[in-house]
Amino acid sequence: MKVLFYGGCHAGVLRRAFERFAPEGHTFDHITNFTLIASRKPFPYDYAATFDAVVYSPIANKGDYNTDRLKAFCEANGIQTVCFPWLQWNGYFPGCIQGQLLGFKGWIYPQLFDLMAEMPFDLAYDMLLRATFLGDTVHSALERTTEHLVAHETTMETDFRVSDFILQHYKRSRLFLTPNHPSTTLYKYVAWRIAEHLGISLDKGFFTSGSELQPEKRVPILPGVADQLGLEFCDSDFEDRENLPRRVFSLREYLTLYADRAARLLRARTHTFIKSQPGLAAGLSVEDKVACRPTDFLVTKGLQWPMKAQDMPVEIISTSATTDKLGRAFVYSGHWIN
């Protein structure tokens, strides 16, 4: 069977899972909807016609890209379709929105900027740890996002629902790493339901694997949210492998990223050093320099200080380099990009 997956980032994740765990003899491909829409190229119906089945996440607000047209095309050409829900649920993340942090776009808690601006760090961190931090918004946010998902499943007439599975299991295990990136637990359920519709048996090793299928980003579930929702697990770590590689941030470290709205991210373009004073690294003692590898990063406060020759003064909030020495330092400007 030839199967085409069509949707957001979830389509690519599902395609790779089926390629790896479906029996030999099946062929899979995917088209990412937001990439296609941004290109302004028409949907490749001629290509879709070469498949036995199209598995898609519905779109209803993009004109010619709306998936009701794709469904009608498939019906007219004898191609099986499986429509799965848009996989977004904000129940773990009240107040979390798409915004700018360190100069790149992602899921952020904007209220943490205000928290850090209003009080010293230790007090802000203590507030963040309290069960009452977000007040009554936790349960109301969960109700709203669930209602939105159910309405989507109903209106778009998806072939199966995920809302019931989420409500049954969200307390027991983490189902979303970000508001729109499911964990492997939810992906397993979605893949099982799709495979069921297609008549494909996935290898049992897929369902016993603990590896995340989409591990690139992870947004903290705040302690107060876990307490109020009665979650049976805790996970307040932050991870962004695309922009902040080789680093998992604890909740305390994550809060430091909100210390300055103008904070910026610097990435090492080569082997270099963080230095306690300006000058050639070769002339400094081991205690006065920290080695950095290509792609190591610095999170620095948005301060403008005069350059010392090619040495750029920085105030380091966080870094992937192996050091616990934060604060003011110098880096060679030609070795870093932002």
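Throughout, read-outs are computed from the coordinates displayed, never taken from laboratory work. Nothing here was measured: the structure is a model prediction, and the numbers come from that model. Cβ sites come from the backbone with ideal geometry, for glycine too, and all protein chains shown count toward neighbours.
Worth pointing out:
- Pairwise label distance in nanometres, Asp126 with Glu287, each label 7 Å out on the Cα-Cβ vector: 3.4 nm
- The mean sequence distance of close C-alpha pairs (under 8 Å, at least 6 residues apart), as a share of the length of the stretch 122-227, puts its relative contact order at 37 percent.
- Phi angles across the stretch 258-265 convert, under the Karplus curve 6.51 cos²θ - 1.76 cosθ + 1.60 with θ = phi - 60°, into 3J(HN,Hα) values of 9, 5, 8, 4, 8, 4, 10, 10 Hz, Gly and Pro given as x.
- Contour excess over end-to-end distance, with Cα ends at Thr295 and Asp136 and 0.36 nm allotted per residue: 53.1 nm
- Computed from Cα atoms, the angle from the helix 137-155 axis to the main principal axis of the chain rounds to 30 degrees.
- The chain: relative contact order as a whole-number percent, Cα under 8 Å and 6+ apart: 14 percent
- Taking all pairs of distinct alpha-carbon atoms in the stretch 72-169, Kirkwood radius in angstrom: 16.6 Å
- Viscosity 1.002 mPa s, temperature 20 °C, Stokes-Einstein D of the stretch 264-337 from Kirkwood C-alpha radius, µm²/s: 179 µm²/s
- Cα long-axis angle, helix 67-76 against the chain (0 to 90 degrees, to the nearest 10): 30 degrees
- Cβ-to-Cβ counts within 10 Å put Thr132, Thr208, Thr300 in ascending order as Thr208, Thr132, Thr300, the fewest first.
- Each principal axis of the Cα cloud of the chain was taken in turn, and the coordinate range along them, longest first, works out to 72, 44, 40 Å.
- Listed values for the stretch 115-131 are Karplus-derived 3J(HN,Hα) couplings in whole Hz (6.51 cos²θ - 1.76 cosθ + 1.60, θ = phi - 60°), namely 4, 5, 7, 8, 7, x, 4, 4, 5, 4, 5, 4, 4, 5, 7, 6, 5, and x replaces Gly and Pro.
- Which of His152, His139, His30 has the fewest Cβ neighbours within 10 Å, and the rest in rising order: His139, His152, His30
- Computed label-point distance, nm, for sites Ser173 and Tyr47 using a 7 Å Cα→Cβ extension: 3.4 nm
- For the pair the stretch 277-302 / the stretch 188-253, the C-alpha centres are spaced 34 Å from each other.
- Simple Cβ-charge dipole of the chain, Lys/Arg +1 and Asp/Glu -1, about Cα centre, in debye nearest 20: 940 debye
- Distance in nm between pseudo-label sites at Thr270 and Asp235 (7 Å out along the Cβ direction from Cα): 4.0 nm
- Number of Lys pairs (Cα under 19 Å; 8 or more positions apart or on different chains) in the chain: 16
- Glu19/Lys204 FRET efficiency (R0 22 Å; Cβ-Cβ; nearest 0.05): 0.85
- Ordered by the number of other Cβ atoms lying within 10 Å of each residue's own Cβ, fewest first, Arg174, Arg252, Arg247, Arg40 fall into the sequence Arg40, Arg252, Arg247, Arg174.
- The protection proxy used here, the mean number of other Cβ atoms lying within 10 Å of each residue, ranks peptides 9-22, 114-127, 47-60 as follows, highest first: 9-22, 47-60, 114-127.
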